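Beneath this line is the structure, given in structure tokens, with notes to follow.
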Amino acid sequence: FINVSAGTCRRVTVAGITEQGKVFNVTGADAVLDDCCATNIFRNWAGTGYILHQSAGLVKNSRFVDMYGPDEAVNITGGTISNCLIKGMIDNNRTGAQAGNGQSFAALKVNGSNALVTHSRIVENGKKNSAQYGMVLLSSGTVRNCLISGNLAWTAAAGAQVTGKGEFYNNTLVGNGRTHEDGDLNAALRVDDARALAKNNIVWDNRDCAVA
């Protein structure tokens, strides 16, 4: 929808649309997305689509709020996200052919050795149906100095799930929990790989077990 491969995209708001691809797509090493907003984004089909997809560059001071649909809402494989808000990402109830898609839904997916998310808020994201991953899914790269709060999931981790060579430190996880009594849920933080690093995090007032 909006591709940023060079230069700065500043103070752009996208609201109230149905999107099947990428709302913001940041791809250039010198690209900057600054003070932008995407809100009330609806995805009504099974497939790959993001409110933000970033492979390089800098995304800062931006807000990604209220997306309804399957898959990861914000996906970063390279570059830096700084001082951003990710809020209200909800995997809506689906039926028929779409029912199985979105099992890997996460509000934020970080999967790239050069990817960094810092000083951002991932808050009040929730699940109405089953999900295998938490609201932050980190398999490679770094998440640090972030607030992860008030997120809900049915299965797996509602706060953060760290796998692969992900580095997760200096974060605060508070008030995360699950929406269903069944299933193996680690409400705040789950580390699934010996190569992963999780340190110096504050984990408190989460429902079910806090760390696994």
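Overview of results
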read-out: Conditions (1) at pLDDT 85 or above; (2) in contact with a Phe, Trp or Tyr (Cβ under 8 Å, 6 or more places away or on another chain); (3) not hydrophobic (A, V, I, L, M, F, W, C): number failed by Arg63; value: (2)
read-out: The stretch 45-60 - residue that is modelled with pLDDT under 95 and either among the aromatic types (Phe, Trp, Tyr) or open to solvent by 10 Å² or more (accessible area, probe 1.4 Å) (or both) and, of those, nearest to Thr18 (Cα to Cα); value: Trp45
read-out: Unmet requirement for Ala38, which otherwise passes all of (1) at pLDDT below 95; (2) under 23 Å from Ala157 (Cβ atoms); (3) surrounded by 21 or more Cβ atoms within 10 Å (Cβ to Cβ); (4) not β-branched (Val, Ile, Thr); value: (2)
read-out: Matching residues, the stretch 62-87, being assigned to a loop (DSSP other than H, G, I, E, B) and either touching a Leu at 6+ places or on another chain (Cβ under 9 Å) or closer than 17 Å to Leu138 by Cα (or both); value: Ser62, Asp71, Glu72, Ala73, Thr77, Gly78, Cys84
read-out: Residue among Ala188, Ala153, Ala212, Ala115 that is within 15 Å of the chain's Cα centre (by Cα) and at pLDDT below 80; value: Ala153
read-out: Tyr68 vs. criteria within 20 Å of Cys146 (Cβ to Cβ), of a type in the set (Ser, Thr, Tyr) and either within 11 Å of the chain's Cα centre (by Cα) or modelled with pLDDT of 65 or more (or both); value: no
read-out: Filtered residues of the stretch 159-169 (kept if assigned to a loop (DSSP other than H, G, I, E, B) and closer than 9 Å to Arg190 by Cα); value: Gly159, Thr163
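The values are calculated or read from the model by the stated rules, or taken from the named source; none is laboratory data. Just so we're clear, the structure is a prediction, and the values are computed from it rather than from any experiment. Note that each Cβ is placed from the backbone with ideal geometry, even for glycine, and that neighbours are counted across all protein chains shown. Heads up: the accessible areas ignore ligands, DNA and RNA and are worked out on the full protein's heavy atoms, side chains in. Shrake-Rupley method; radii C 1.70, N 1.55, O 1.52, S 1.80 Å.
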